[in-house]
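Structure first, then comments.
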Amino acid sequence: MKIGIVCYPTFGGSGVVATELGLELSKRGHEIHFITYSQPVRLELISNDVHFHEVNVPDYPLFHYQPYELALSSKLVDMVKLHKIDVLHVHYAIPHAYAAYMAKKMLHEEGIEVPIVTTLHGTDITLVGSHPFYKSAVTFSINKSDAVTSVSQSLKDDTLRLFDIKNDIDVVPNFIDVEKHEFHFTDCQRDLMAEPEERIITHISNFRAVKRIQDIIQVFYKIQKEIPAKLMMVGEGPEKEPAEMLTEKLGIADKVMFFGNSSEIDKILCFSDLFLLPSETESFGLAALEAMASGVPVISSNTGGIPEVNMHGVSGFLSEVGDIEDMAQNALYILKDQERLDKFKANAIEESKKFDIHSIVPIYEAIYERALANCISI
Ligand code: GMT
């Protein structure tokens, strides 16, 4: 099959999922065309079966906002025609499913039918999409897709609650290449980061308000009062600077490292003992799954799709959003006892296997086949 994939190419989980999906599909014999405004960050390999087509939005001073959706829909039309793409898989309802619908309509005028598969990732539903400014467009885009998937049951429930949805939604969880995580790094070079007796705690995100970055610093503050520890903060975003200021204020700046965005996530997780994800909401929590696959237990909030990934008392612990004390106590419970830590690490790897890429990607293939067979003509 020739599959066009539209995603945000940045460090966010949706871009990572879209990229890994495309790469795995190419290994399974499909021809993949990524269509987005820059090369996805995890897309290292462009080959005969993996192509990247850049969407250019010419900067024109008359436009206060440059019309990306317009440029994207035109590019989709051109690429479908040029490469004879069979199906478009768009990650995010806005603006991708919306632009894909316009492309589909333009192609229909020329006698070409292309089905659209839309995957909902979370912020398009829970944070941005349900805003009155976008709600009609999001509802329309979802209802006009030939197939709709959501990355967790929780996100499906939210979508049905917040929008007037006529389409079926398949839950297809995010995934991880378990083997890659198991065998990638054997030499963690932990000693470059911390003393042998120090526990290493890690957080990775885009440092937006929804991640509750200050909670991470506060939880770590309580942990380091009881045991020697270091905190690794990986990523960039608006909450980074306030977090740095909080570490200064609490007198723990020397124990907290801010790395910025990194393409060496596996390396960082390799020497981590615990992962913190206290988000306000999270449709899935791919970062937590990546940590678990690397054998890192997770202390998280009990919100959105996280409880579908992080098993309470098995791969880590869940606490109510904002319950810093409970998170710190749970973290210390795991970190204080080496035998217990080893058990949680092993459990985390075991739990992550439920989300192995090799069992999830065939579900997408079946959805593409179904969408092709039932493509709604417009
Ligand atoms: O969480 C973010 O800020 C990034 C966002 C994205 O677009 O990548 O993440 C969303 O999609 C991920 C992949 O499906 C999920 O793992 C994240 O939980 C979800 N974020 C939220 O729901 C806040």
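The values are calculated or read from the model by the stated rules, or taken from the named source; none is laboratory data. Please read these numbers as outputs of a predicted model, since none were measured by experiment. With ideal geometry, Cβ positions are generated from the backbone for all residues, glycine too; neighbour counts draw on all protein chains shown. These area figures cover heavy atoms from the full protein model, side chains too; ligands, DNA and RNA do not enter into them. Shrake-Rupley method; radii C 1.70, N 1.55, O 1.52, S 1.80 Å.
For residues that are out of contact with any strand residue (DSSP E or B) (no Cβ under 8 Å at 6 or more places or on another chain) and of a type in the set (A, V, I, L, M, F, W, C), tally how many sit in region 65-91.
Of the residues in region 65-91, the ones out of contact with any strand residue (DSSP E or B) (no Cβ under 8 Å at 6 or more places or on another chain) are 65-71, 73-74, 77-78, 81-82.
Of the ones still in play, those that are also of a type in the set (A, V, I, L, M, F, W, C) are 70-71, 77, 82.
Of the residues in region 65-91, 4 are out of contact with any strand residue (DSSP E or B) (no Cβ under 8 Å at 6 or more places or on another chain) and of a type in the set (A, V, I, L, M, F, W, C).
Regarding region 241-261, can at least one residue be identified that is open to solvent by less than 20 Å² (accessible area, probe 1.4 Å) and within 13 Å of the ligand (Cβ to nearest atom)? Walk me through how you get there before you give the answer.
Initially, region 241-261 is screened for residues open to solvent by less than 20 Å² (accessible area, probe 1.4 Å), giving 243, 246-247, 252, 256, 260.
Pick out the ones that are also within 13 Å of the ligand (Cβ to nearest atom) and you get none.
No, every residue in region 241-261 fails to be open to solvent by less than 20 Å² (accessible area, probe 1.4 Å) and within 13 Å of the ligand (Cβ to nearest atom).
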- Task: Within region 134-159, track down each residue that is free of Cβ contacts under 8 Å to residues at least 24 places away in the same chain and among the small types (Gly, Ala, Ser).
- Result: Ser136
- Query: Only one of these conditions is not met by Ser283: (1) open to solvent by less than 10 Å² (accessible area, probe 1.4 Å); (2) in contact (Cβ under 8 Å) with a residue 60 or more places away in the chain. Which number is it?
  - Reply: (1)
- Item | Which numbered condition Asp146 misses (of (1) away from the ligand (no atom under 16 Å from the Cβ); (2) open to solvent by 70 Å² or more (accessible area, probe 1.4 Å)) | (2)
- The condition of being more than 16 Å from the ligand (Cβ to nearest atom), modelled with pLDDT of 90 or more, open to solvent by less than 60 Å² (accessible area, probe 1.4 Å) and outside any loop (DSSP other than H, G, I, E, B) holds, among Ala18, Ala100, only for Ala100
- Message: Among the residues of region 108-131, are any in contact with a Pro (Cβ under 9 Å, 6 or more places away or on another chain) and either part of a loop (DSSP other than H, G, I, E, B) or over 22 Å from Gly285 (Cα atoms) (or both)?
- Response: no
- Message: Suppose we keep only residues that are surrounded by fewer than 17 Cβ atoms within 10 Å (Cβ to Cβ) and under 24 Å from the mean Cα position of the chain (by Cα) within region 103-138. Which one would you say is farthest from the ligand (Cβ to nearest atom)?
- Response: Lys135
- Would you mention how many residues in region 191-217 are away from the ligand (no atom under 16 Å from the Cβ) and either in a loop (DSSP other than H, G, I, E, B) or open to solvent by 60 Å² or more (accessible area, probe 1.4 Å) (or both)? 9
- Looking at this structure, is Ile35 open to solvent by less than 60 Å² (accessible area, probe 1.4 Å), touching a Gly at 6+ places or on another chain (Cβ under 7 Å) and more than 16 Å from the ligand (Cβ to nearest atom)? yes
- Query: Quick check: is even one residue across region 129-145 touching a Ser or Thr at 6+ places or on another chain (Cβ under 9 Å) and at positive phi?
  - Reply: no
- Considering only region 1-15, how many residues are open to solvent by 30 Å² or more (accessible area, probe 1.4 Å), more than 11 Å from the ligand (Cβ to nearest atom) and either within 12 Å of Leu43 (Cβ to Cβ) or of a type outside the set (D, E, K, R) (or both)? 1
